[in-house]
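One structure coming up, written as structure tokens, with questions to follow.
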Amino acid sequence: MATRRGVLAALTAGAAALAVPSCTSGGDADSTLTVLHKWPEGEHKAFFEHLRKTFEKRHPGTSVEMVAVQDDPYKQRIQVLTAARTLPDVYFLWPGSYGEKFAKAGLTYDLTDAMSGKWANSLSPSAVDAYTYEGRKYAVPISMSGKYMVCNTAMFEKHGVDIPETFEGLLSACDQLRQAGVHAPIAMGNQPMWPGVHYLTSLVAKLVPKDEFTRDLDPTTARYSHPGYIQAFDHLGKLADRGFTPSANGISSDSAKAAFLNGQSAMMYSETNQFSTFREQNGAPATIAKNWDFFPFPSIPDGDGDDHSLTGAPDGFAINPDSSKSELAVDFLRLITSPEMAASMLSMRDRPSVVVGSDKRVKDVQPQLSEALEDLESVKNFNIWLDMEAQPQVAQAWLTAGQTAIDGSRAPELILQDLKEVSDALR
């Protein structure tokens, strides 16, 4: 089992040159609850400000100091704070092996007893399970995001394209659109590398048995012997050749999204937490806002994995076990997962809360998002992003594998060999 010292050393790697940022203010530390999260943008900022004010009103004499840092800088920030043992009272934590790394090292407050009963039962079971390690709950999920193929229904209708139900059908739809003059049937920008990994996450889940994949996540037992891995790289390469934006590895994810919004592409692989960008009131052209739909990643009937699983993951918060305000921190997490705040999260952020039935409290929910929420609640198995599930070095190898499969610079067999070598070196 990983030790706190071992995990601290791993998290510190590459962070020594960074200055340690403070999560405390000049006020009375005993009356201040510090919170660190990864959503500094406008609508998210407004929601968390509402959350802060509501909590302070319920706890007179207590102030909440929030620091928000975007994804990649957040990872650096948490590394430094962990190494310096200055974690805030409450902090954002991804699920998968990333979060379990903190739980193994004793860097998370045990929430099992606090969440027992009504609290846990009010939340999506799959989301709660994602933050459970060795039977103990180490973080509280607040929102859930699922990954779906989004399509321009007007373009589909114009070119006589049907919603594809199988992977081969998706490739055929791409061929049909290209023949009709659509340069990039699927908008794809893999410059940040994670979009390619999201495709691989879905492909591997459908092509590799769950027990073999779970075994391969641990470098001490990994074999990567199932042919489904090679098939996944091959399938991603075919998608790149027949459907993706040309030279996708050099294009930003924002540019790819703009191509879809501008009607240059007919599809994109999108998360439910991005559905709000397709609203006209949020800047989407009317031609898109009134003509889009979504469908699950197409079936691969002959795959050896779980063809009905869905790629996605919850977002959640953990509590610093060394915090002197753990009871206050628990109350903060209870508030953010209350029915009222869950409704505010959906109405203010367009983010699906993990609180069951929260969408019924909001009137103006996108029809597509409402439908997606129903689907998310029915999903039994979620595939957490590969770059969050795998060990850090292997996660980087997966990111590289996605780029390599997309540009076709190495055969699928050699991509798997590269990945396996990185994993074997960690034995």
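The values are calculated or read from the model by the stated rules, or taken from the named source; none is laboratory data. Note that the coordinates shown come from a computational prediction; the quantities given were computed from them, not determined experimentally. When we count neighbours, we look across all protein chains shown, and the Cβ atoms used for this are built from the backbone with ideal geometry, even at glycine. All accessible areas refer to the heavy atoms of the entire protein, side chains included, with ligands and DNA or RNA removed. Shrake-Rupley method; radii C 1.70, N 1.55, O 1.52, S 1.80 Å.
Relative contact order for the range 227-307: what is it in percent, counting Cα pairs under 8 Å that are at least 6 residues apart?
20 percent
Enter the accessible area per residue of the range 229-270 (Å², integer; probe 1.4 Å; all protein chains in place).
36 Å²
For the chain, what is the calculated [θ] at 222 nm in deg cm²/dmol (nearest 500), taking -39500 (n - 2.57) for each run of four or more DSSP H residues and dividing by its residue count?
Theoretical 222 nm ellipticity from helices: -13500 deg cm²/dmol.
Can you sort 363, 290, 420 by 1.4 Å-probe accessible area, starting with the largest?
Output order, biggest surface exposure first: 363, 290, 420.
Also: On the accessible surface of the chain, probed at 1.4 Å, how many percent belong to carbon and sulfur atoms?
Using a 1.4 Å probe with all protein chains present, the chain comes out at 49 percent carbon and sulfur.
Report, for the chain, the % of DSSP beta bridges that are antiparallel, rounded to 5.
About 65 percent, rounded to the nearest 5.
I'd like the accessible area for residue 159: 1.4 Å probe, protein heavy atoms, all chains in place, Å² to the nearest 10.
So the heavy atoms of residue 159 present about 50 Å² to solvent.
Additional query: Tell me, what does the Kirkwood hydrodynamic radius of the range 336-389 come to in angstroms if you use every pair of distinct C-alpha atoms?
The answer is 12.0 Å.
With everything on Cα atoms, drop me the angle between helix 42-58 and the longest principal axis of the chain, reported from 0 to 90° to the nearest 10.
Relative to the chain, helix 42-58 is tipped by roughly 30 degrees.
Of the residues 122, 255, 347, which exhibits the maximal mean-square fluctuation in a Gaussian network model of the chain defined by a 10 Å Cα contact cut-off?
Highest fluctuation of the listed residues: 255.
Can you tell me which of 384, 163, 78 moves the most in a GNM of the chain? Springs connect C-alpha atoms under 10 Å apart.
Highest fluctuation among the options: 163.
What is the Å³ per residue value for the convex hull set by the Cα atoms of the chain?
139 Å³
If you don't mind, another one. Tally Lys and Arg at +1 and Asp and Glu at -1 over the other residues with C-beta under 12 Å from the C-beta of residue 338: what net charge comes out?
Net local charge, residue 338 excluded: +2.
Quick one: of 53/290; 57/147; 38/137; 75/380; 75/363; 53/257, which pairs are farther than 32 Å apart, Cα to Cα?
Pairs exceeding 32 Å: 53/290; 57/147; 75/363; 53/257.
Probe 1.4 Å, all protein chains in place: accessible area of residue 292 in Å², nearest 10?
It works out to around 10 Å².
Might you work out the accessible area of residue 168 for me, using a 1.4 Å probe with all protein chains in place, and round it to the nearest 10 Å²?
Probe radius 1.4 Å; accessible area of residue 168 about 100 Å².
If you rank 57, 104, 45 by how much accessible surface each has, with a 1.4 Å probe, what is the order from largest down?
The ranking, largest first, comes out as 57, 45, 104.
Could you sort 364, 216 by accessible area so the largest value comes first, with the probe set to 1.4 Å?
Heavy-atom accessible area, descending, gives 364, 216.
Right, something else. Rolling a 1.4 Å sphere over the protein heavy atoms, what is the accessible area per residue of the range 114-199, to the nearest Å²?
Dividing the accessible area of the range 114-199 by its residue count gives 39 Å².
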